[in-house]
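Just below is one structure, and these are the notes that go with it.
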Amino acid sequence: MTEYIGEHYLVGRIGHLFVTLSFGAALLSAWFFFSSVHDDRFKKWARITWFVQVAAVLGTIGTIFYMILNQMYEYQYVWQHSNSVMPLKYIFACFWEGQEGSFLLWSFWNVVLGSVLIRYAKEWEPYIMSVFALVQVFLASMLLGILIGDYRWGSSPFMLVREMQENLDMPWTKMKDYMSLPLFKDGRGLNPLLQNYWMTIHPPTLFLGFASTLVPFAYVIAGLWRKKFSEWIVPALPWTFFSVMVLGTGILMGGAWAYESLSFGGFWAWDPVENASLVPWLTLTAGGHVMLIHKSRKTSLGLAFVLILSTFILVLYSTFLTRSGVLGESSVHAFTDLGMSGQLLLFLFAFMLLAVALFSVRIKDFPKEPAADKIYSREFWMFLGALALALSSFHIGFTTSFPVINKIFGTSFAKLEVRDYNKWQTAFAILITFLISVGQYFRYVDTDMKAFRRKMARSFFLSLAITLTASFFFGWLTFSITVFYTILLFTCTFAVLANLDYFIRVLKGKLDHAGPSIAHIGFGMLLLGAVISTGTSKVISVNYKGSVEMLGSDYSDAENIMMTRNDTLRMGDYLVCYKGKFKEGINIKFEIEYMKKDSLTGSITKEFTLYPFIQLNERMGNAAEPDTRHFLHKDIYTHIKYAEINSLTDTTRSGNYGEPHSNSVLPGDTLFSYNWILIYDGLVKEVDTARYHLGKAELAVAARIRVFDFYKNDTIVFPIYYIQDGIPQVIEAVMPEMGLKVALWKIDPETGKVDISFVEKKTDKNDWIVMKAVIFPGINLLWVGCIIMIIGTVMAVRKRLRTTHGKNG
Amino acid sequence: MKLTQILVIAIIAVAIGIIFSTLTDAGTYDVFNTAFSNEGKEYHVVGKFNKEKGSIYDPEKDPNRFTFFMVDSMGTEKCVVLHKEKPADFEHAEKVVIIGKAKDDTFHARDILMKCPSKYNDAQAKDPTTTSR
């Protein structure tokens, strides 16, 4: 075997060993846990092999970090995702940029969750851990990278670059010192678009969310397996809402990231990958609420099973969608097909089969349910709410699966438009928020409707009043807001106020049981913020020039405006000026100044400056990132839609001086150039002769000229006129940043007039941008709502944990 | 009928409604010939930009108008007017998907999706003896 200079061969071998060990140990562990159901002696070995697997997973992760931190670019994964110049946090975060790393992240969270469950699951342990260990087997198999016959199982993160398929026949792979080649001097690094602090927190949170859906799934399997159809609910409840909280947070982080940095123009684009994570969250939330119903009333068991089992299956499905490449053409997140679609499908089908088979076998043993729910019972309305969430999930899941449907049925359905998503989802949102409003006021079993109406009246009418007043005041109905949006605004406000009312009047402000109310308030605010900010968002960069062919309202998309440098245009309430661009690292930043004109005095004040930028990225293409000005009640969001690539890297104030303009003036006269206002104050006899080497001059005099800019700031310049050896000469006043030169030419002592001339660089015609500016009113409601919802869910989980431990003594 | 049974039927009805409604609303991928035979109806057309014929983007005149020529999968070439700004990486796109309607001899697109070379495509691994990235 060739010894390659500088190559750390052993490290990769060790890493690969860890992966294989984790696969084998997980397999053994699954088998032992399964056996321990009937024979307790296996339990010890089950746990030992589980922890061997834990060590192996940690070893795998540790090896990769070791390779990254030691800059071993001979390894494909390190070369592709890391480099030596990124800040440490990105060197750390690049671990999960690639598919192999993100599988490991998922596996890591399972290791954490599983190990906790061994400690706390008590008699459920063998059942739950069989499922957990089985999942670990599948995840480990994604990383094996071994060839069995013609098929490669998994993609190993420990491949050397020279071992990669596309490089196998390359001559340089035979060179002993190939590592000295330029390619291996440094890695490619994290995609610049991902070099953002969100990259350090969004994936880990999201993957913990995905991983945690396995816990309620495993409890359901365990419950069905043991024929203990209701007993699994109490231990599983805190885990279920923990998962709701974490997965929800992960999804919202994605939205915040998109809003802040990407050019979606918003926080949610109904992008297939976004949808794929939302779908299981909806079924999980629905399932969690049905579990609550069953706990109180022993009804709706079947639905609880279906929803919780579906959640994990949907997580596996979404994994398949995002990693198999099938979404290739319809998503901005498209991953490439690593050739693992077969394995991903196997993973999906294995657990689908497990869930369906077990459910079908046990369905005949389901306990008889008590009398049907009365309509005015809390459990009936919660049940409806769960159904609404499930239908919403179905809508999103079905439409996101169009590429799969196309592949199977040979159809050619294209990605659904945002407005079509909103059509149905608005309806579901109205139903769900309405149910959130009234749900808590219903009592379990049955409700006294008179008391109910009385309790609800206050928040109902207040919400109605607020919605109608706001609609009137803000002219919401004149926007493209339809009746449906207004109804949704009402139900969201209602949800917030009703739950607030419940918290204050019924719970008397006690925090103990307030989790759900607070979470619902947060959810209502979140939706309210989302609806208001998108529904009433106003594009202020409306373009009044240009022809538009009226083929439908979609075709008058005059949302972009073109600005040349120093152009000032009116946008909304502001006067906006494009001041210029400058380079900062790999970004080209554009200075966009927002000013307001005082209608009384006419003076113009600068309000703020935004710096949207374009990130130069040879790999992925240049990416435009927005800059946003945050106010309490709205955001002003600006981003560059188009800029000439050629002139991007040229940031000097280029251009030529134009023709000179000459005027004969008296003191006090004003001259106008393209960009400036010049006022001639008079002649000045005190000239710094030493500085200008005018010692020999017979006469030297300067003109005092004040040059004003748009904001009435002035610069004072002193062009000089002197006579030396009888010859009149001038020294121009040159202001390179202003692109202006001023000279004093003739002096007529009789009339007192002088000749002032100037030349200037006119606006650089090549420096222009096309940009879009949007106002998002009320968007802070969205973020505040997110935080409140998370707090409320945390409170609810803690309450569940206290109850569970209380019950178990 | 029991309440639960009514609900089950209602759920199934809504689900079917969803399926029908979304399938009807969804655009379809098609070729130019179909679009031009059904003027005024919206289609998604996949194709390649004809580099030789160039493109026109004059933001001073209209920043929301970009003209170019596209060839679809059947080889039909048409003039396309996109009623948006020129996409940043237009020249690098392997394929584009335009969404719009045909009118007379031009296809008027209201949106465009670009399919750029795969993010993870290192097959063009370049010559490691010369490149450093």
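Numerical summary
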read-out: Contact order relative to length of segment A:686-771, as percent, for alpha carbon pairs under 8 angstrom and 6 or more apart; value: 18
read-out: Tilt relative to chain B, helix B:3-25 - C-alpha long axis, 0 to 90 degrees, to 10; value: 30
read-out: Long-range amide H partners of A:GLU74 with built H, under 5 Å; value: none
read-out: Largest-first ordering by accessible area, 1.4 Å probe, given options B:TYR43, A:TYR4; value: A:TYR4, B:TYR43
read-out: A:PHE631 paired with B:THR28, simple spin-label distance in nm, labels 7 Å along Cα-to-beta-carbon; value: 4.8
read-out: Surface/4 of the Cα convex hull for segment A:65-122, nm²; value: 4.5
read-out: Largest to smallest accessible area among A:SER141, B:SER73 [probe 1.4 Å]; value: B:SER73, A:SER141
read-out: Square roots of 5 times each gyration tensor eigenvalue, C-alpha, the protein assembly as shown, largest first, Å; value: 59, 37, 28
read-out: Residue order for A:LYS634, A:LYS407, A:LYS227 - accessible surface, 1.4 angstrom probe, largest first; value: A:LYS407, A:LYS227, A:LYS634
read-out: DSSP bridge orientation in segment B:7-106 - percent antiparallel, rounded to nearest 5; value: 85
read-out: Label-point separation, A:ARG41 to A:ILE363 (7 Å along Cα→Cβ), nm; value: 4.0
read-out: Charge dipole of chain A about the Cα centre (unit charges at C-beta), most positive-ward option of A:LEU389, A:PRO403, A:ALA269; value: A:LEU389
read-out: Cα pair distances in chain B, grouped into 10 Å bins until the bin that holds the longest one, percent each; value: 11, 31, 22, 16, 11, 6, 2, 0
read-out: For segment A:384-427: Kirkwood Rh in Å [reciprocal of mean 1/r, alpha carbons]; value: 11.3
read-out: Potential extension, A:ALA451-A:LYS510 segment - 0.36 nm per residue separation minus Cα distance; value: 19.1 nm
read-out: Exposure of A:TYR657 as accessible area (Å², to 10), given a probe of 1.4 Å and all protein chains; value: 80
read-out: Sequence-separation-based contact order of chain A, relative, with Cα cut under 8 Å and 6+ spacing, percent; value: 10
read-out: FRET E, pair A:LEU88, B:LEU7, Förster distance 51 Å, beta-carbon r, rounded to 0.05; value: 0.40
read-out: Calculated [θ] (222 nm, deg cm²/dmol) that DSSP helices of n ≥ 4 give over the protein assembly as shown, each run adding -39,500 (n - 2.57); value: -15000 deg cm²/dmol
read-out: Normalised contact order of segment A:1-155, rounded percent, pairs of Cα under 8 Å and 6 or more residues apart; value: 28
read-out: R0 of 60 Å, Cβ-Cβ distance B:ASP111-A:LEU181: FRET efficiency to nearest 0.05; value: 0.85
read-out: Dipole magnitude of chain A, debye to nearest 20 (Cβ charges: Lys/Arg +1, Asp/Glu -1, about Cα centre); value: 4060
read-out: Backbone HN-Hα couplings from phi across segment B:90-101 [Karplus 6.51/-1.76/1.60, Hz, Gly and Pro as x]; value: 3, 5, 8, 5, 6, 9, 10, 10, 10, 10, x, 10
read-out: Rounded FRET efficiency, nearest 0.05, which uses the C-beta distance separating A:VAL483 from A:ILE787 and R0 of 30 Å; value: 0.45
read-out: Extension gain (nm, one decimal) between A:HIS805 and A:LYS374, 0.36 nm per residue minus Cα-Cα; value: 152.0 nm
read-out: For peptides A:115-121, A:255-261, sequence by mean Cβ density within 10 Å, most packed first; value: A:255-261, A:115-121
read-out: With DNA, RNA and ligands ignored, accessible area of A:ASP669 (1.4 Å probe; Å², nearest 10); value: 60
read-out: Cross-link pairs beyond the 29 Å C-alpha cut-off, checked among A:LYS423/B:LYS61; A:LYS89/A:LYS176; A:LYS606/B:LYS115; A:LYS415/B:LYS51; value: A:LYS423/B:LYS61; A:LYS89/A:LYS176; A:LYS606/B:LYS115
read-out: Relative pair counts by distance (%), Cα atoms of segment A:48-175, 5 Å bins; value: 2, 9, 18, 18, 17, 14, 10, 6, 4, 2, 1, 0
read-out: Accessible surface buried upon A-B contact (total; probe 1.4 Å; Å², nearest 100); value: 5700
read-out: Size of electric dipole in segment A:425-507: Cβ of Lys, Arg +1 and of Asp, Glu -1, about Cα centre, debye, nearest 20; value: 260
read-out: Projected label distance in nm at A:GLN425 and A:GLU659, using a 7 Å step from Cα toward the beta-carbon; value: 5.8
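The values are calculated or read from the model by the stated rules, or taken from the named source; none is laboratory data. All values reported here derive from a predicted model rather than from experimental measurement. For neighbour counting, all protein chains shown are included, and Cβ atoms are generated from backbone atoms with ideal geometry for every residue, glycine included. Remember, those area values only see protein heavy atoms, side chains included, never the ligands or the DNA or RNA. Shrake-Rupley method; radii C 1.70, N 1.55, O 1.52, S 1.80 Å.
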